[in-house]
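Inspection log for the structure reproduced underneath, given as structure tokens.
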Amino acid sequence: MSRLIVVSNRVNPPTARGDETVGGLAMALSAALRQYSGLWFGWSGRTAPEFTGQLSLEQHDGVTVATVDLEEADLQEYYNGYANKTLWPLFHYRQDLTAYDRTFDAGYQRVNRRFAETLAPLIQPGDLIWVHDYHLIPLARELRRLGVTNRIGFFLHIPWPAHQLIVTLPRHRELVAALFDYDLVGFQTEGFRHAFEEYVLSEADGSVDRPGFLRAYGRTMRVEAFPIGIDAADFTRMVESPRAQHTYDVMVAHTVFRRLIVGVDRLDYSKGLEERFLGVERFLANNPDLRREVLMLQVAPLSRDAVEAYQEIRGRLDALSGRINGEYADIDHNPVRYVNKNYRRDELAGLYRAASVGLVTPMRDGMNLVAKEFVAAQDPDDPGVLILSRFAGAADQLRDALLVNPNSPDEIAEAIKRALSMDLFERKARWRAMFENVVREDVTAWRDAFVAALRDPAGAVAPDVERPQPAILEVETETPTRLTTRKTATPRPPARH
Ligand code: ADQ
């Protein structure tokens, strides 16, 4: 079996001692690499006075991890600059925050070239190379320049923006042309794939070679949607762990006679946190009788603090949560709790389980794994309700969430009210449909579909349409019930299986 080489900006394999803060993606990539006796290459997260290309090699649970330090200018121009001040805001429809600076662009190209030069000597004939995300779009081009002829695939974790938006980027043609050095490009949703196709047809004089294949710049490339999932089995198991139980118990104790509404996001302007807080404020204003009955907990650890836009949103969120509590708090109750901390995955699982409502309202999101984690963590006999932005990639799959426009505080407020009054029958039916999807289209299915397509970039083998069906919990038919379950009244601990 050929080796798989995974390339991502940061490399964070789970350690042998089991660092539970590592995300689902890192877990999945590690598992994939073990299966293919692979290599994971990327930035170490450290800077050195100058770039040396010195590789640091480690073994993590059967996976070879190869990292390289960057120099300070690389960090500023490539990572904080072009990746996080140019591509991230633009691809999330924040043209107002998009900074374009030639030095950022030059730094981006330079780091991609440096990555390619450092990685190339490690590549053996037959290796499959899988490159991740917007930091590394030109990597295949740089590898090809060095004579690498292996199959190389690229997966974009964030949205591909609409045509009118991408053309505002100086040198957008070079960026897209560089993608054509891959054999396979994957997007999270059919909508993003379609937006890319539209660009290629109208801006690059391209054509659809046959369904799933685009031709431009003298090359034909396979282009498909591969919606990413979570490790649903692992997450469901984790809900039963002692830490998850403890977190669940703590939250239940804090919300006796109240119901918990939970949001969990990196602190990022794409996640719609300000609009979400305004939605909660509108809900409290419109529903005086329910003010003492809810606690909104927003967990949002700080990220990318070196970028000014992130410092500004932080200040605005502090002010908003203060304003809401100033208006609606009582001597024994604050309606909003806002925490800037990282939690372990098992703690998050317990938190999701204790919540009556998951509030996931990004303005734009490639997928959004929190929505899927919330679903996976629910009690099948008494599930909470997911309120989900229609602009998250996950909305394509989780059609049974309450879908909202994240720009509208009114819609968010109405959805909260509806979620809190939804009867058990409807909650179970909606949850079951979403859970089936989360289990079926999990991270393993995503990884296997991508690797299979990368092995077969010409599409000679028909795709395997029949995926194994998960065992689904039977939900009995019953008369709709009101105000009789934990999510609507006094909490009880989750069943221990
Ligand atoms: P992100 O923008 O980081 O990912 P998301 O998909 O929601 O967004 O994943 C966040 C992960 O971080 C989740 O696994 C979540 O549990 C974890 N997390 C969030 N807050 C945390 C906290 N306080 N403590 C610990 N863990 C926390 C990018 C794209 C998404 C896409 C993913 C995967 O922006 O659209 O879904 O990649 O492709």
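The values are calculated or read from the model by the stated rules, or taken from the named source; none is laboratory data. Since this is a predicted model, take the numbers as computed values, not measurements. Using ideal geometry, Cβ is built from the backbone for each residue, glycine included, and neighbour counts are taken over all protein chains shown. The protein model used for the area step is the full one, side chains on, heavy atoms only, and it has no ligands, DNA or RNA in it. Shrake-Rupley method; radii C 1.70, N 1.55, O 1.52, S 1.80 Å.
Quick notes on this one:
- Cα shape, the chain, gyration tensor, a/c 1.5 rule: prolate
- Taking every DSSP beta bridge that has both ends in the stretch 4-225, the antiparallel portion is near 30%.
- The heavy atoms of Asp127 present about 10 square angstrom of accessible area, all protein chains included, probe 1.4 Å.
- Surface composition of the chain: carbon and sulfur make up 49 percent of the accessible area, probe 1.4 Å.
- Solvent-accessible ranking of Arg337, Arg345, Arg3, largest area first, probe 1.4 Å: Arg337, Arg3, Arg345
- Extension gain (nm, one decimal) between Ala253 and Ser207, 0.36 nm per residue minus Cα-Cα: 10.6 nm
- Computed with a 1.4 Å probe over protein heavy atoms only, the accessible area of Lys271 comes to about 20 Å².
- Take the stretch 51-175 with all the other protein chains still there, run a 1.4 Å probe, and you get 39 Å² of accessible area per residue.
- Stokes-Einstein diffusion for the stretch 215-255 at 25 °C, viscosity 0.890 mPa s, with a Kirkwood radius from C-alpha pairs, works out to 173 µm²/s.
- Euclidean distance between Cα centres, the stretch 111-188 to the stretch 273-347, Å: 38 Å
- Working note: 222 nm ellipticity from helices only, DSSP H runs with n ≥ 4, each -39,500 (n - 2.57), summed and divided by the residues of the chain, gives -11500 deg cm²/dmol to the nearest 500.
- Among beta bridges that DSSP assigns inside the stretch 104-251, antiparallel share in %, nearest 5: 35 percent
- Antiparallel bridges, percent of DSSP beta bridges restricted to the chain (to nearest 5): 25 percent
- Average Cα contact separation per residue, the stretch 85-186, under 8 Å, 6 or more apart, as relative contact order %: 31 percent
- Computed E for Arg34/Arg292 - FRET, C-beta separation, R0 41 angstrom, nearest 0.05: 0.20
- For the chain, averaging the sequence separation of C-alpha pairs within contact (under 8 Å, six or more residues apart) and dividing by the residue count gives a relative contact order of 14 percent.
- nm² value of the averaged projected area, convex hull over the Cα atoms of the stretch 209-339: 13.5 nm²
- Angstrom value of the Kirkwood radius, inverse mean 1/r, which spans all Cα pairs in the stretch 4-225: 18.0 Å
- Rolling a 1.4 Å probe over the protein chains gives Met27 an accessible area of about 50 Å².
- If R0 is 22 Å, the Cβ-Cβ spacing of Ala285 and Asp96 corresponds to a FRET efficiency of close to 0.20.
- With a cut-off of 11 Å between beta carbons, the residues surrounding Ala73 carry a summed charge of -4, where Lys and Arg count +1 and Asp and Glu -1.
- Relative contact order (percent, whole number), the stretch 4-225, Cα cutoff 8 Å, 6+ residue spacing: 15 percent
- Accessible area ranking (1.4 Å probe, heavy atoms, ligands and nucleic acids excluded), largest first, for Val439, Val200: Val439, Val200.
- Flagged links, alpha-carbon separation over 19 Å, of Lys85/Lys372; Lys372/Lys428; Lys271/Lys341: Lys85/Lys372
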